[in-house]
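Asks: The following block contains the structure, expressed as structure tokens.
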Amino acid sequence: MPDDVASGSALKKLGLFAAFFLAIALSIWIGKQGLVWAYVGGLGTVAASLAFALLSNRLFRREKIRAPMRRYLLRFGVSISAYVILLVTAVWLGRQGLAEGPWGYVIALAPSVGVLGGIASVGLYLAEETDEFARTTLIQSLLWGTAGTLSVATIWGFLETFDKAPHVPTWATVPVFAVFMGLAQALVARRYR
């Protein structure tokens, strides 16, 4: 590859990552303004993440997004948007003192609906994808994500048992898994280039 093409590609990658991190930072700042802005900021984070996924595919893979991936991104986007809306609403209701009694269970469990939808969207994508390479890289990423999450949970659990680390709520397992899976996807894909 000529040097000018390689440097242009590197600049595009740098620009995409910079834009993504700026969009996330802006969304977080907007979300901290409170009230309706918490929804706007949360949904802005989801939109920035989906835009990053679509643009990185378009810029660097140079192939059309397959139908199973389009359906996955739609399902996942809807699920995570529902999660953001339900989470912000549940936190707001809890702060208003409206999460008492039996309704408190419904309010507390509401955000998990979006998370479970996101998990289901990954499973449906895996079932629908006919490209063996895409399936294999996803399965390897899921396995590495699971291994990383179990490792951190085990180490942290022992530290917590002996009062050497603060308590971490179990819902944090899903974001930790997502980080490990995302890192694994990048490393697994790089291995096949």
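Asks: List the relative contact order of the chain as a percent without decimals, with contacts defined as Cα pairs under 8 Å and 6+ residues apart.
Replies: Details: 151 pairs, mean separation 29.5, N = 193.
It rounds to 15 percent for the chain.
Asks: Provide, in order from the shortest bin, the percent of all Cα-Cα pairs of the stretch 12-53 in each 5 Å bin, continuing until the bin that contains the maximum pair distance.
Replies: Reading the bins upward from 0: 6, 30, 28, 19, 10, 5, 2, 0.
Asks: Kirkwood-based Rg over Rh for the chain (C-alpha set), two decimals? Kindly include the intermediate steps, with their values, before the conclusion.
Replies: Working: Rg = 19.2 Å, Rh = 19.0 Å.
For the chain, the value is 1.01.
Asks: Debye sum, Cα scatterers, the stretch 8-109, no solvent: what log₁₀ I/I(0) at q = 0.10 1/Å?
Replies: -0.39
Asks: I need the Kirkwood Rh of the stretch 102-193: take the reciprocal of the average 1/r across all distinct C-alpha pairs and report it in angstrom. Spell out each step's value before the answer.
Replies: Values: mean 1/r = 0.0659 Å⁻¹.
In the stretch 102-193 this quantity evaluates to 15.2 Å.
Asks: Normalised by the number of residues in the stretch 78-134, what is the relative contact order in percent for Cα pairs under 8 Å and 6+ residues apart?
Replies: RCO, the stretch 78-134: 45 percent.
Asks: Shifting gears a bit: Please tell me the relative contact order of the stretch 52-163 in percent, rounded to the nearest whole number, where contacts are Cα pairs under 8 Å and at least six residues apart. Don't jump to the answer; show the numbers that get you there.
Replies: Details: 61 pairs, mean separation 30.9, N = 112.
Rounded, it is 28 percent for the stretch 52-163.
Asks: Out of the stretch 110-190, which trypsin sites (Lys or Arg not before Pro) are coil in DSSP terms and have no more than 13 other C-beta atoms within 10 Å? Show your work: numbers first, answer last.
Replies: Details: sites: 135, 164, 190; in loops: 164.
Here the sparse-neighbourhood loop sites are 164.
Asks: May I ask you to order 92-102, 106-116 by the average number of other C-beta atoms within 10 Å around their residues, highest value first?
Replies: Numbers: 92-102: 11.4, 106-116: 15.5.
Most protected by this proxy first, the peptides run 106-116, 92-102.
Read the figures in this text as sums done on the coordinates, not as results from a lab. Since the model is a prediction, treat every value here as computed from it, not as a measurement. Please note: Cβ atoms are built from the backbone with ideal geometry, for glycine as well, and neighbour counts cover all protein chains shown.
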